[in-house]
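Novice: There's a structure below that I have some questions on.
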Amino acid sequence: MEISLPVALAVLCAALLHATWNALVKSGTDKQLDVVANSAWGGTLALAAALVLPAPAPEAWPWIAASATVHIVYFWALASAYRWGDMSFSYPIMRGGGPLIVTVAGVLAFGEVLPWAETIGVALICAGILAFAAHTAADPAAQRKSLAFALLNACVIASYTLIDAQGARLSGAPVSYTLWLCVANGGLNLGLACLTRGAVAPAYLAQRWRRGLIGGACSVAAYSIALWAMTQAPVALVAVLRETSVVFAAVIGALFLKERFTLRKVAATGAVLAGLLAMRL
């Protein structure tokens, strides 16, 4: 089973959307509440769409619950990594580590053994992704904290990717599955924020509603595309293609977050593109 060009292009579009909402979180003033705003407003948009679409099959609901639980850790670790480190450092580690784990786990969970060309492509893309993060920081202690949260999130990303791949396939309606997952994520994150931050949380969401809507829309669309693609192609290939978002993130960081696009990042981009060629895209 391979990945077709239309599916691959759709996943690359999802990668751009994913990098966009992460940049919005990174540029916010309160990383934890910006994540909550993104999740809550995205969940609101998802609910409006989910109510007019066929519901996922009953077999999918336990997977939605499991994924929503794992996503609590994901959003917390994401905000913590951005609190202590640059987006151009922590984002590649989070997004590059996950596909490596998914590629191995995909063989065990789904029996999806990749041909040699796709395997080389996955290795090149992951190497390029991780190369984006190979730099030293002015504050080594802060970088170590960012690294710890980023590595934790790589494991979390691999976990929910496998959970959602199975759930989307059982659902019979991958877009509806994603929408209801976003509803669950938004509700859980908002509830936890209100418990831990009190009235500050809803007030922040009201003040930042435009950013929340934009980020939430990007997040919901990106993951809907990714889960749909996982019903059309091997999970490992979709996962690694989705993580080419680090290239988009590097460009966004250079243009809008005043992060340098160095020769190392150019070389890393070349490795990612070589991996795409090896996968015959």
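The values are calculated or read from the model by the stated rules, or taken from the named source; none is laboratory data. Owing to the predicted nature of the structure, the values given are computational and were not obtained by experimental measurement. All Cβ positions, even for glycine, are placed from backbone atoms using ideal geometry, and neighbour counts span all protein chains on display. We work out accessible area using only protein heavy atoms, side chains counted, and drop any ligands, DNA or RNA first. Shrake-Rupley method; radii C 1.70, N 1.55, O 1.52, S 1.80 Å.
Novice: Scan segment 191-205 and report the pairs whose first residue is of a type in the set (Ser, Thr, Tyr) and whose second residue is open to solvent by less than 50 Å² (accessible area, probe 1.4 Å), with Cβ atoms within less than 8 Å and a gap of 6+ or a chain change.
Specialist: Tyr204/Asp30; Tyr204/Leu33; Tyr204/Val36; Tyr204/Ala37
Novice: In the list Ala184, Ala203, which residue meets the criterion of being modelled with pLDDT of 90 or more, under 17 Å from Phe75 (Cβ atoms) and not acidic (Asp, Glu)?
Specialist: Values: Ala203 fails: under 17 Å from Phe75 (Cβ atoms).
Of Ala184, Ala203, the one residue that is modelled with pLDDT of 90 or more, under 17 Å from Phe75 (Cβ atoms) and not acidic (Asp, Glu) is Ala184.
Novice: Just the residues that are surrounded by 21 or more Cβ atoms within 10 Å (Cβ to Cβ) and either of a type outside the set (Phe, Trp, Tyr) or at pLDDT below 90 (or both), please, taken from segment 64-78.
Specialist: Ile64, Ser67, Ala68, His71, Ala77, Leu78
Novice: Looking at Val11, is it in a helix (DSSP H, G or I), open to solvent by 30 Å² or more (accessible area, probe 1.4 Å) and closer than 22 Å to Trp228 by Cβ? Show your work before the answer.
Specialist: On the way: in a helix (DSSP H, G or I): yes; open to solvent by 30 Å² or more (accessible area, probe 1.4 Å): no; closer than 22 Å to Trp228 by Cβ: yes.
So Val11 fails the test.
Novice: Among (1) over 14 Å from the mean Cα position of the chain (by Cα); (2) modelled with pLDDT under 90, where does Leu170 come up short?
Specialist: It fails just one condition, (2).
Novice: From the list Trp84, Trp61, Trp41, which residue is closer than 30 Å to Ala254 by Cα, among the hydrophobic types (A, V, I, L, M, F, W, C) and at pLDDT 95 or above? Show your work before the answer.
Specialist: Working: Trp84 fails: at pLDDT 95 or above; Trp61 fails: closer than 30 Å to Ala254 by Cα.
Within the list Trp84, Trp61, Trp41, the selection yields Trp41.
Novice: Ok, one more. Can you give me the number of residues within segment 214-270 that are polar (S, T, N, Q), at pLDDT below 80 and open to solvent by 10 Å² or more (accessible area, probe 1.4 Å)?
Specialist: Our first condition is that a residue be polar (S, T, N, Q); within segment 214-270, this holds for 219, 224, 231-232, 244-245, 262, 269.
Then drop every residue that is not at pLDDT below 80, which leaves 244, 262, 269.
Add one more test, that the residue is open to solvent by 10 Å² or more (accessible area, probe 1.4 Å), and what stays is 262, 269.
Of the residues in segment 214-270, 2 are polar (S, T, N, Q), at pLDDT below 80 and open to solvent by 10 Å² or more (accessible area, probe 1.4 Å).
Novice: Pull out all pairs, ordered by first then second residue, where Cβ-Cβ is under 9 Å, the residues are six or more apart or on different chains, the first lies in segment 37-51 and is crowded, with 24+ Cβ neighbours inside 10 Å, and the second is basic (Lys, Arg) and assigned to a helix (DSSP H, G or I).
Specialist: So the pair list comes out as Ala37/Arg211; Asn38/Arg211; Trp41/Arg211.
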